[in-house]
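The values are calculated or read from the model by the stated rules, or taken from the named source; none is laboratory data. In this text the structure is predicted, and so the values were computed from the model without any measurement. Cβ placement follows ideal geometry from the backbone for every residue including glycine, while neighbour counts extend to all protein chains displayed. The protein model used for the area step is the full one, side chains on, heavy atoms only, and it has no ligands, DNA or RNA in it. Shrake-Rupley method; radii C 1.70, N 1.55, O 1.52, S 1.80 Å.
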Amino acid sequence: GAVVSQHPSWVICKSGTSVKIECRSLDFQATTMFWYRQFPKQSLMLMATSNEGSKATYEQGVEKDKFLINHASLTLSTLTVTSAHPEDSSFYICSARSRLGGYNEQFFGPGTRLTVL
Amino acid sequence: QQQVKQSPQSLIVQKGGISIINCAYENTAFDYFPWYQQFPGKGPALLIAIRPDVSEKKEGRFTISFNKSAKQFSLHIMDSQPGDSATYFCAARPRGNNRLAFGKGNQVVVIP
């Protein structure tokens, strides 16, 4: 149980285009979903937190018009990188919080590698 | 500002040995302490987690030791195997808060 999927697993796009990444909790309902960004050999950087049906809360320094987050249901959240540029190239990871085991544990997706040319 | 400090940065262990990674924190509001394992190109996977009301939790070859007074917790990997070679992140979350604070990560290499 507690599986989180992401699609696509990797994407290459041209500068100036927009890219949408989907995050799904497959076998549980996620009250909260998170989006992280990770650079090579670095820790995870939280970009935003979203609750179903509400606007996302962005971390300081993250442009909300650049990284659009939509938490449409208890099992689906999307991240759209608008007008992507090479500096947006990164590994994007979503996670979902579950009440499984009573710990409110957080489970991560497999990540999406974005390369902007 | 790193809320959770992880050490050592990297670790090389012989197969069958014990890998030990330490984390320290300052925020006494933290009440949930998970460890994640990440392989290259993959997302982190929850390995084991503990709450401060217990001092130790064991799951298979993985054990968390928790020292509330010292504000430290550690991951022990017993009988380390080459397949355990990965990056390990400790994290902590405050009571009533959604955000996990992550350590910088520790690369563990298990040599045959």
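Keeping all protein chains in place, calculate the accessible area per residue for chain A (probe 1.4 angstrom), answer in Å². Mind showing how you got there, number by number?
Values: 5730 Å² over 117 residues.
Heavy-atom accessible area per residue stands at 49 Å².
When the charge dipole of the range A:18-67 is built from unit charges on Cβ atoms (+1 for Lys and Arg, -1 for Asp and Glu) and taken about the Cα centre, the candidate among A:39, A:61, A:21 whose Cα reaches farthest toward its positive end is A:39.
In the protein assembly as shown, taking the dipole from charged Cβ atoms about the Cα centre, the farthest positive-side position among B:81, A:49, B:69 is held by B:69. Only Lys, Arg, Asp and Glu carry charge here, each on its Cβ (+1 for the first two, -1 for the last two); on that basis the protein assembly as shown has a dipole of about 120 debye about its Cα centre.
Overall size of chain A from C-alpha positions, given as principal axis extents largest first: 43, 27, 22 Å. Heavy-atom accessible area for residue B:54, with the other protein chains in place and a 1.4 Å probe, reaches approximately 60 Å². For the range A:38-54, putting each phi into the Karplus relation 6.51 cos²θ - 1.76 cosθ + 1.60 with θ = phi - 60° gives couplings of 9, 8, x, 6, 10, 7, 7, 10, 5, 9, 6, 10, 9, 10, 4, x, 10 Hz, in residue order, rounded to whole numbers and with x for Gly and Pro.
Relative to the globular-protein estimate of 2.2 N^0.38 Å, the Cα radius of gyration of the protein assembly as shown stands at 1.02. A 1.4 Å probe over all protein chains sorts B:76, A:7, A:71, A:85 by accessible area into A:7, A:85, B:76, A:71, starting with the largest. Within the full protein context, the accessible area of residue A:24 is estimated at about 90 Å² for a probe radius of 1.4 Å. Solvent-accessible surface (1.4 Å probe) assigned to residue A:47 amounts to roughly 0 Å².
Per residue, the convex hull spanned by the Cα atoms of chain B amounts to 98 cubic angstrom.
Over all directions, the projected convex hull of the C-alpha atoms in the range B:1-62 averages 5.7 nm² in area. Taking 24 Å as the cut-off for C-alpha to C-alpha distance, list the pairs among A:20/A:64; B:42/B:71; B:5/B:58 that go past it. From A:20/A:64; B:42/B:71; B:5/B:58, over 24 Å: B:42/B:71.
Put a plus charge on the Cβ of each Lys and Arg, a minus charge on the Cβ of each Asp and Glu, and nothing anywhere else: the dipole of chain A about its Cα centre is then about 100 debye.
Taking a Cβ cut-off of under 13 Å around residue B:105, the surrounding Lys, Arg, Asp and Glu residues balance to a net charge of +3, with basic ones at +1 and acidic ones at -1. If only the Cβ of Lys and Arg carry +1 and only the Cβ of Asp and Glu carry -1, the dipole of chain B around its Cα centre is close to 220 debye. Going by accessible surface with a 1.4 Å probe and the largest first, A:22, A:52 read A:52, A:22. Compared with its chain on its own, the range A:29-53 contains the following residues whose accessible area drops by 40 Å² or more in the full protein assembly (probe 1.4 Å; ligands, DNA and RNA excluded): A:43, A:44.
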